[in-house]
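The values are calculated or read from the model by the stated rules, or taken from the named source; none is laboratory data. Owing to the predicted nature of the structure, the values given are computational and were not obtained by experimental measurement. Backbone-built Cβ (ideal geometry, glycine too); neighbour counts: all protein chains shown. Ligands, DNA and RNA are stripped out before the accessible areas are found, and what is left, the full protein with its side chains, is counted by its heavy atoms. Shrake-Rupley method; radii C 1.70, N 1.55, O 1.52, S 1.80 Å.
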Amino acid sequence: MRIQKFEVVESTNDLARKYILEGNKEPAAFVAEHQTRGKGRLGRVWEDEPGKSLLVSFALPGSTYSNPPLLGLATAVFVGEYLDLLPVPWETKWPNDVLIEGKKVAGILPEGIWQDGLVGVVVGVGLNVNQDEFPDDTEATSIKHAFGQALPVEQPLMYLIYRMEQVYEQIVDFSEILATFKDKFKSMGKKLRVRSNDQVWEGTAVDIEEDGSLILNMEGKLVTLGWGEVTLR
Ligand code: BT5
């Protein structure tokens, strides 16, 4: 895996996208200390504290990963596996957030890169490693707050690189990872409100399918949602 480090960039996801579109074939990791236009999903902003956050985007060229959201979900589990090493208790929030005691510690942004078909996948990870300041509009935390001491940002980075290399080499068992995601999804069996495609769905979370979709039971009717925003009802 090629690793490229930067001090300040607009968004590491954009660097990874450009790298794939330039026709590079080797997987790469783009790491920054600070982003001036960190991206969340649906045009939202990802905030960081310079030098205290892990901001990395993995570029996986090729068409093997035809399901970017599933890769995002798997990456949430990889972050969780790292937290297990400390250990710090964690949970998942569908589709791809990692929470510690109900507060967001990591956000993941998977993107399919298209050019006459799928030419690669980018997976961006924002992980609050040593952060002390968080956005006002959300319940957030950092590993430092949960673990009680600061850690080198390189530590989770190295773990994620190790797992992403396995993904690239196709030696990762996605069904096992999905089982972990489900096991750590504390809202399973609970009433949820999900905003997806400009519609609001209310029902009980009953399963996550092999492709990463969430299944809601709406008064006996099962609805499959590929992507969405979850709030507890
Ligand atoms: C995400 O979006 O959670 C995906 C975030 C991905 C960020 C990484 S950083 C490296 C790479 N380069 C990029 O430009 N992006 C990726 P979403 O589910 O839409 O959540 C965004 C929301 O999370 C915001 O609207 C805030 O409420 C909240 N938020 C922003 N910064 C946060 C932080 N540092 N910690 C916790 N929550 C945050």
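Some notes on this structure:
- Distance (nanometres) between label positions extended 7 Å along Cα→Cβ at LYS18 and GLU202: 4.6
- Once C-alpha pairs closer than 8 Å and six or more residues apart are averaged by separation and normalised to the residue number of region 54-185, the relative contact order reads 30 percent.
- Percent carbon-and-sulfur accessible area, the chain, ignoring ligands, DNA and RNA, probe 1.4 Å: 47
- Summed over the residues of the chain and divided among them, the accessible surface reaches 48 Å² per residue at a probe radius of 1.4 Å.
- Listed residues PHE147, PHE58 arranged by accessible area, highest first, probe 1.4 Å: PHE147, PHE58
- Spin-label zone in region 39-64 - amide nitrogen under 12 Å from a point set 7 Å from the Cα of GLU229 along the C-beta vector: 41-45
- Simple spin-label estimate for ILE171 and ILE215 gives 3.3 nm between the two label positions (7 Å along the Cα-to-Cβ direction from each Cα).
- LYS52 sits among other residues whose Cβ lies under 10 Å from its own Cβ, and their net charge, with Lys and Arg +1 and Asp and Glu -1, is -4.
- Cross-link partners of LYS25 among aspartates and glutamates (Cα-Cα below 19 Å; sequence separation of 8 or more within a chain): ASP14, GLU111, ASP116, GLU165, GLU169
- For the chain, built as a Gaussian network whose Cα springs stay under 10 Å, the top-fluctuating residue of GLY112, GLY126, GLY80: GLY112
- When the charge dipole of the chain is built from unit charges on Cβ atoms (+1 for Lys and Arg, -1 for Asp and Glu) and taken about the Cα centre, the candidate among ILE108, THR204, SER11 whose Cα reaches farthest toward its positive end is THR204.
- Pairwise centroid distance, computed over Cα atoms, of region 148-207 with region 67-105, Å: 5
- Loop sites in region 76-114: GluC sites (Glu not before Pro), DSSP, at most 16 other Cβ within 10 Å: GLU101
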